[in-house]
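Engineer: One structure, as structure tokens, below. Some questions next.
The values are calculated or read from the model by the stated rules, or taken from the named source; none is laboratory data. None of these values were measured; they are calculated from a predicted model. All Cβ positions, even for glycine, are placed from backbone atoms using ideal geometry, and neighbour counts span all protein chains on display.
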Amino acid sequence: MNQPVRMPGLATRGAGIRVENVNLSYGPLHVLKDINLEVHPGEFFAFLGPSGCGKTTLLRLIAGFNQADTGRVLVSGEDISALPPWKRDVGMVFQSYALWPHMTVRRNVAFGLEERRLPRSEIAQRVSESLALVGLDQLSDRRPSQLSGGQQQRVALARTIAVRPKVLLLDEPLSNLDAKLRVQVRRELRELQQRLGITTIFVTHDQEEANTICDRIAVMNDGIVQQVGTPIELYQRPANLFVAGFLGTANILEGEISGFGCDKVFQAPGGVKIPVDSGADAAPGSKLAFRPQDASLHAKDESGAIPGAIVNREFLGSSIRYGVKIGGKEILVDIPFHSGSTLHEVGDAVAVKIAPSSVLWLAS
Ligand SMILES: Nc1ncnc2c1ncn2[C@@H]1O[C@H](COP(=O)(O)OP(=O)(O)O)[C@@H](O)[C@H]1O
Ligand SMILES: [Mg+2]
């Protein structure tokens with residue numbers, strides 16, 4: 001990998017984060033359940049999960065705005081659990097940005113530094129440096145209301161970076177931006193993070209966002225870390241049905257394995273039979289899962305394929321997603337689309353094959 005260009009003043013690489021045995025409840029609501037995590041120095045790490053699963057609560061805990069009932073948080077090996085937010089060297093960008101509306105961009109960025117009573121010259125230098133870094137040096141005399149959503153987001157980022165935290169926490173930083181800007185800004189964020197080398201945790205409920213810019217992801221659901229891994233690891237080897245369904249699309253079938261050796265077959269209600277690898281072994285309660293692109297469509301009398309009928313068709317640009325009813329259940333099959341491709345129509349009788357090596361056995 002290329003060595004990122006270092007920014008001498010702002011570079012703060014090297015801080016790893018550990019979250020150990022953390023539990024947190026709001027009254028009777030148990031929100032964080034025995035969280036254990038390790039974020040490596042300089043890593044761009046994501047907390048990914050559906051709304052309400054505890055991402056913001058965990059981020060606020062690392063920043064010092066929430067107290068855990070059990071467990072601790074370490075930064076660079078030092079237990080910071082007892083420190084207030086302003087003594088933690090942890091910078092958090094809130095989902096709402098929380099900019100001061102009556103202050104100019106420059107004053108917004110300077111504010112935290114003035115609070116810290118830094119010398120005026122140092123403040124001026126850090127403010128220009130941070131604004132240049134996020135590309136806002138030309139707009140420093142404007143107020144937040146005179147900026148676009150993307151520009152406001154960058155002010156919030158500049159304000160946090162100016163304090164030179166060891167760790168940067170971003171709570172759904174792109175959620176207020178429109179779709180096109182979101183794609184552009186997420187790439188800028190990644191570039192900036194690489195240049196600074198700052199350990200960053202990025203909270204999102206959007207799997208594409210996490211997949212495209214983060215080194216590793218902790219998938220959360222219901223206050224529990226389901227799995228930690230690189231985007232590709234999570235996609236190829238999901239630990240359970242939730243991860244398989246949350247990262248990408250997965251077809252899930254319930255049934256039983258029967259037969260032995262190379263005659264091993266998965267059987268689901270409605271006469272569905274899928275050959276599986278001889279090593280396949282279904283743990284009690286587990287289900288068969290496969291990705292839409294790991295299935296293929298064939299003529300309706302193709303031997304060894306499962307007969308079905310097309311019930312839906314969606315054009316996704318580079319592929320066509322067919323809904324195919326087999327054994328009373330609709331599964332999704334993605335077929336690459338090229339100009340001139342022959343399409344199936346809704347109502348067509350077809351047969352589906354699923355590559356045995358792509359089949360996953362997962363429990364919830
Ligand atoms: N201050 C609070 N008091 C009580 N419940 C809260 C508070 N903050 C969050 N919650 C609840 O905790 C759960 C997790 O919330 P949150 O961490 O904000 O989820 P996420 O950021 O993943 O959407 C939700 O059920 C939410 O309603
Ligand atoms: Mg949140």
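Engineer: I'd like to check which strands (runs of 3 or more DSSP E) are fully inside the range 182-247 and have at least 2 residues that are surrounded by fewer than 21 Cβ atoms within 10 Å (Cβ to Cβ) and more than 16 Å from ligand 2 (Cβ to nearest atom).
Structural biologist: In the range 182-247, 224-229 are the strands (runs of 3 or more DSSP E) which contain 2 or more residues that are surrounded by fewer than 21 Cβ atoms within 10 Å (Cβ to Cβ) and more than 16 Å from ligand 2 (Cβ to nearest atom).
Listed here are the residues, each with its yes/no results for (1) away from ligand 1 (no atom under 16 Å from the Cβ); (2) in contact with a helix residue (DSSP H, G or I) (Cβ under 8 Å, 6 or more places away or on another chain); (3) modelled with pLDDT of 95 or more.
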position: Phe111; (1), (2), (3): yes, yes, no
position: Glu114; (1), (2), (3): yes, yes, no
position: Leu131; (1), (2), (3): yes, yes, no
position: Leu136; (1), (2), (3): yes, yes, no
position: Leu139; (1), (2), (3): yes, yes, no
position: Ser145; (1), (2), (3): yes, no, no
position: Gln151; (1), (2), (3): yes, yes, no
position: Ile201; (1), (2), (3): no, yes, yes
position: Thr204; (1), (2), (3): no, yes, yes
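Engineer: Can you tell me which residue is nearest to Glu233 (Cα to Cα) among those in the range 248-264 that are charged (D, E, K, R) and not in a helix (DSSP H, G or I)?
Structural biologist: Looking at residues that are charged (D, E, K, R) and not in a helix (DSSP H, G or I), I get Glu254.
Engineer: Look at Gly304 and say whether it is surrounded by fewer than 17 Cβ atoms within 10 Å (Cβ to Cβ), over 25 Å from Asp348 (Cβ atoms) and of a type outside the set (Ser, Thr, Tyr).
Structural biologist: no
Engineer: Of everything in the range 11-30, what is within 16 Å of ligand 2 (Cβ to nearest atom) and either part of a loop (DSSP other than H, G, I, E, B) or surrounded by fewer than 20 Cβ atoms within 10 Å (Cβ to Cβ) (or both)? Give them in sequence order.
Structural biologist: Within the range 11-30, Tyr26, Leu29 qualify.
Engineer: A further question on this structure: Go through the range 34-64 and give me each residue that's exposed (fewer than 15 other Cβ atoms within 10 Å of the Cβ) and within 13 Å of ligand 1 (Cβ to nearest atom).
Structural biologist: Scanning the range 34-64 gives Pro50, Ser51, Gly52.
Engineer: Would you pick out the residues in the range 104-116 that are surrounded by 15 or more Cβ atoms within 10 Å (Cβ to Cβ), over 31 Å from the mean Cα position of the chain (by Cα) and touching a residue at least 40 places away in the same chain (Cβ under 8 Å)?
Structural biologist: Scanning the range 104-116 gives Ala110, Phe111, Leu113.
Engineer: Something else: Restricting the first residue to the range 222-243 and requiring it to be closer than 25 Å to Ser25 by Cβ, which pairs with a second residue that is at pLDDT 95 or above and of a type in the set (Lys, Arg) meet a Cβ separation below 6 Å and a spacing of at least six or different chains?
Structural biologist: As it stands, the answer is Gly223/Lys33; Ile224/Lys33, since those pairs meet every condition given.
Engineer: Something else now. State which residue pairs qualify: first residue more than 13 Å from Ile62 (Cα to Cα) and inside the range 20-44, second residue within 12 Å of ligand 1 (Cβ to nearest atom) and part of a loop (DSSP other than H, G, I, E, B) in any location, beta carbons under 6 Å apart, and separation of 6 or more residues or different chains.
Structural biologist: Sorted first by the residue in the range 20-44, then by its partner, the pairs are Val31/Gly54; Val31/Gly223; Lys33/Gly223.
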